Amino acid sequence: MTTRRTSYLLALAASGALVLSGCGGGTLGGGSDDAAAEGPIKIGLLVPQSGVYKSLGDDMKAGFEVYLEQHDDKLGGAEVEVILADEGETADSGKAAAEKLVKQDQVTVVTGVVSSAVMNGVVDLFETSKIPLVGSNASPTTLTDATYIWRTSYVNDEPGEALGKYVAENVDGGVYFLAADYQAGKDEVEGFKKSFGPAGGETVDEVYTPFPDTSNFQPFLANAKSSGAEALFSFYAGGAAVEFVKQYDQFGLKGDVDHYSAGFLTEGGVLDAQGEAAEGTFTAMNYNYDLDNELNKAFVEDYEAKTGMKPTTYAMASYDAAKVLDMAIEAAGGKADPEAINTAIGEITEVESPRGTWTWSNIGTPVQMWYLREVQEVDGTLRNVVVDELGELGSD
Amino acid sequence: MTGWLDAHLVSMVDGVAYGLLLFTLAVGLSLVFGMMDVLNLAHGTLYLAGAYTAYALSDGSWLGLLLALVVGLVVGLLGGGLLAAAVAPLQGRGHLDQAALTLGIALIAAEVMVMIFGAQVLPTAPPSALARSVSVLGHSYPLYRLVFIAVAGLIAVLVYLAFERSSVGALVRATVADRDMVRATGVDTRKVLFGVFAFGAVLATVGGVLGAPIIAPGPGVDDRVLVLSLVVVVIGGLGSVRGALLGALLIGQVQTLGVALMPAFAPFLLFGAMLLVLVLRPQGLFALGRA
């Protein structure tokens with residue numbers, strides 16, 4: 001009987017290890033907590049300092065700091081103190097860090113938040129404590145009626161929606177959808193279909209790959225290839241994006257099936273890791289470092305001087321969050337008054353941004369232009385290059 | 001039929017590559033558990049250590065790969081020796097204590113590796129001579145994976161022969177079957193146990209070095225390969241090289257051909273296969289008779 005028992009034990013261990021791997025905790029990062037009533041306005045910067053989203057957190061922290069450095073560490077003429085908290089990678093770690101900022105550090109406003117799961121988890125906290133959250137990344141499609149939550153990024157399904165019509169009009173044949181099986185992947189495909197179908201696009205198949213367990217995309221890519229589709233629409237980010245793009249090349253889809261994706265696929269450090277395999281990939285994004293305007297030139301220059309890298313959309317959205325706070329704190333008279341600042345944020349009609357000028361939509365996200373980018377070799381390095389405009393989204 | 005074969009040939013070939021990679025992991029886990037009754041939950045960590053070694057040392061040249069293999073070998077020997085020494089005092093205290101200890105070691109090691117290598121997945125390039133795709137019956141397939149199949153296949157054959165056909169292998173199999181009887185014949189079974197632990201660990205780290213271009217190192221990869229090899233051991237049966245090999249090849253096909261045929265069920269196929277085996281043949285498909 002021993003082997004039978006041990007078999008069950010092993011099976012149990014296999015399932016248990018799965019569960020355990022899901023509960024890596026995040027630790028709360030630094031920050032001082034002197035409860036001085038007067039003094040600088042306290043701003044909570046809630047971004048991942050550990051876990052799989054750390055590089056996004058680093059970009060957002062740098063983008064925010066670049067804005068502060070350009071403005072003598074003042075927002076709206078007032079001294080500010082930025083308190084950093086580690087979002088970690090799970091909803092629990094993010095929620096704990098947000099609660100620490102609001103309750104223990106008693107900040108006036110919070111900015112940041114990478115993960116949609118964290119965003120969903122902190123809605124009640126900010127709505128009931130009446131502290132404004134100027135989010136600079138996560139933006140689930142379901143978040144439409146919050147009073148104290150703003151986002152300077154985009155709604156999750158917009159990169160797909162921006163691309164759908166273009167692909168329907170420019171691809172002569174069927175399109176195969178492949179996306180990571182979690183909320184963001186599904187949102188992206190839904191967004192894509194929103195504008196793809198009405199424009200006459202033809203869907204071959206819609207397949208979701210298990211996340212984060214899929215590192216071998218071969219069977220999915222083989223199906224996509226043998227389906228006879230003319231183009232592929234995908235959603236992947238981070239490590240999965242690197243693997244996906246490399247295998248898309250290795251298994252011979254490159255040059256045979258065109259690849260369109262939401263901009264995260266080739267955004268930031270992942271592009272270096274993908275190398276030549278990424279060349280010719282088309283992505284949709286609300287920003288690219290090569291946009292031609294004065295504000296963007298200054299931003300790119302200062303960001304490069306600080307980090308040695310080109311800014312990503314994550315850094316840009318965080319830079320804009322600082323800009324929004326700058327304008328709102330000034331309008332609120334430079335006082336640490338969350339209610340007044342929140343009202344002032346809502347009254348902002350136009351934000352001058354490195355991405356171009358944008359305004360608030362009626363759900364607190366930007367109404368903004370979207371761009372089609374292609375990965376091209378520029379001066380010996382691979383870069384996203386803007387090749388077309390995809391139109392403005394967010395106004396409805 | 002030929003159309004079906006043509007469409008899924010690449011998936012089947014890839015299943016072999018995947019299966020052989022799993023074998024290098026599962027065989028150590030299976031033997032250590034079968035022989036020493038030690039449940040080593042830090043086994044996936046050894047793969048990850050090997051894969052990070054490959055990332056750090058491989059620079060696209062053959063020499064880089066060779067260097068990574070040598071360092072991986074040493075890391076495996078040290079890691080296996082340390083783990084064996086750590087669990088030795090827990091002999092006879094039940095699986096829970098061993099699981100807690102090795103899981104703790106795995107968690108600490110995972111954090112240390114994140115501190116050194118960061119939280120990104122680090123794609124590892126194979127030697128540049130192999131970093132291209134070739135045509136397999138009209139389908140593009142990465143050359144590195146073909147070479148991997150040859151090398152890992154050779155390793156599998158050597159391990160199989162060593163365990164099933166040599167006198168050292170006979171000693172190991174005897175220890176699996178009846179440790180006390182082997183001890184009674186005057187053999188120091190602790191040395192056999194240490195040897196097998198270190199051997200299994202070396203296979204896992206070498207698997208990591210060679211497998212890094214296939215399953216790239218990153219946080220969480222240790223858990224993922226641990227789960228896969230535990231499933232292989234459950235399916236193949238404990239303490240048997242043949243079981244580990246056939247179980248690994250079977251899981252390889254489930255994870256590639258199975259997924260290609262039933263993409264909608266991809267998340268369930270792995271555990272579905274395990275469940276089926278547990279219901280039909282709980283001791284594993286190819287278990288060494290000990291019950």
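Every read-out reported here was derived from the displayed coordinates using simple, explicitly stated rules and does not represent laboratory data. What you see is a predicted model, and the numbers here were worked out from it, not measured in a lab. As a convention, Cβ positions derive from the backbone with ideal geometry for all residues, glycine included, and neighbour counts pool all protein chains shown.
A few remarks follow.
- Placing unit charges on each Cβ (+1 for Lys and Arg, -1 for Asp and Glu) gives chain A a dipole about its Cα centre, and among A:Ala11, A:Gly333, A:Tyr67 the Cα reaching farthest toward its positive end belongs to A:Ala11.
- Taking GluC sites (Glu not before Pro) as exposed when DSSP calls them loop and at most 10 other C-beta atoms lie within 10 angstrom, chain A has its longest site-free stretch at A:39-349.
- Of the chymotrypsin sites (Phe, Trp or Tyr not before Pro) in region A:92-175, those whose Cβ has at most 10 other Cβ within 10 Å and which sit in DSSP loop: none
- Taking other C-beta atoms within 10 Å as the exposure proxy, B:Ser61, A:Ser361, A:Ser153, B:Ser30 rank B:Ser61, A:Ser361, A:Ser153, B:Ser30 from fewest upward.
- Remark: B:Thr102, B:Thr45, A:Thr6 ranked as B:Thr102, A:Thr6, B:Thr45, counting other beta-carbon atoms within 10 Å and listing the fewest first.
- Relative to the current alpha-carbon distance between A:Asp172 and A:Leu295, full extension at 0.36 nm per residue lengthens the span by 40.4 nm.
- Theoretical FRET efficiency, 1/(1+(r/R0)^6), r = Cβ-Cβ of B:Leu82 and B:Ser128, R0 35 Å, to 0.05: 0.50
- Footprinting exposure proxy for B:His139, B:His43 (fewest neighbouring C-beta atoms within 10 Å first): B:His139, B:His43
- Charge dipole magnitude, Cβ of K and R +1, D and E -1 - the protein assembly as shown, Cα centre, debye nearest 20: 4440 debye
- Region B:1-112 shape via C-alpha gyration tensor axes, a/c threshold 1.5: oblate
- 222 nm mean residue ellipticity, helices alone, for chain A (DSSP H n ≥ 4; -39,500 (n - 2.57); rounded to 500): -12500 deg cm²/dmol
- The calculated FRET efficiency for A:Val386 paired with B:Leu275, based on their beta-carbon distance and R0 = 56 Å, is about 0.65.
- Dimensionless Rg/Rh of region B:25-280 - Kirkwood Rh, Rg from C-alpha atoms: 0.97
- Computed from backbone phi, the HN-Hα couplings of region A:253-263 come to 7, 5, x, 10, 10, 5, 10, 10, 7, 5, x Hz, rounded to whole numbers (Karplus: 6.51 cos²θ - 1.76 cosθ + 1.60, θ = phi - 60°; Gly and Pro given as x).
- DSSP-loop trypsin sites (Lys or Arg not before Pro) across region A:294-396, with at most 13 other Cβ within 10 angstrom: A:Lys335
- Averaging the Cα positions of each part gives two centres, and for region A:96-140 and region B:4-54 these lie 42 Å apart.
- Cα shape, chain A, gyration tensor, a/c 1.5 rule: oblate
- Overall, chain A carries a charge dipole of about 1400 debye about its Cα centre when +1 sits on the Cβ of Lys and Arg and -1 on the Cβ of Asp and Glu, all other atoms neutral.
- When Rg and Dmax are taken over the Cα atoms of region A:135-213, they come to 14.1, 45 Å.
- Counting only Cβ charges, +1 for Lys and Arg and -1 for Asp and Glu, the dipole size of region B:25-280 around its Cα centre is about 380 debye.
- Over region A:280-356: Rg over Rh, Cα atoms, Kirkwood Rh: 1.07
- If you plug the beta carbon distance of A:Asp379 and B:Ser61 into 1/(1 + (r/R0)^6) with R0 = 45 Å, you get a FRET efficiency near 0.95.
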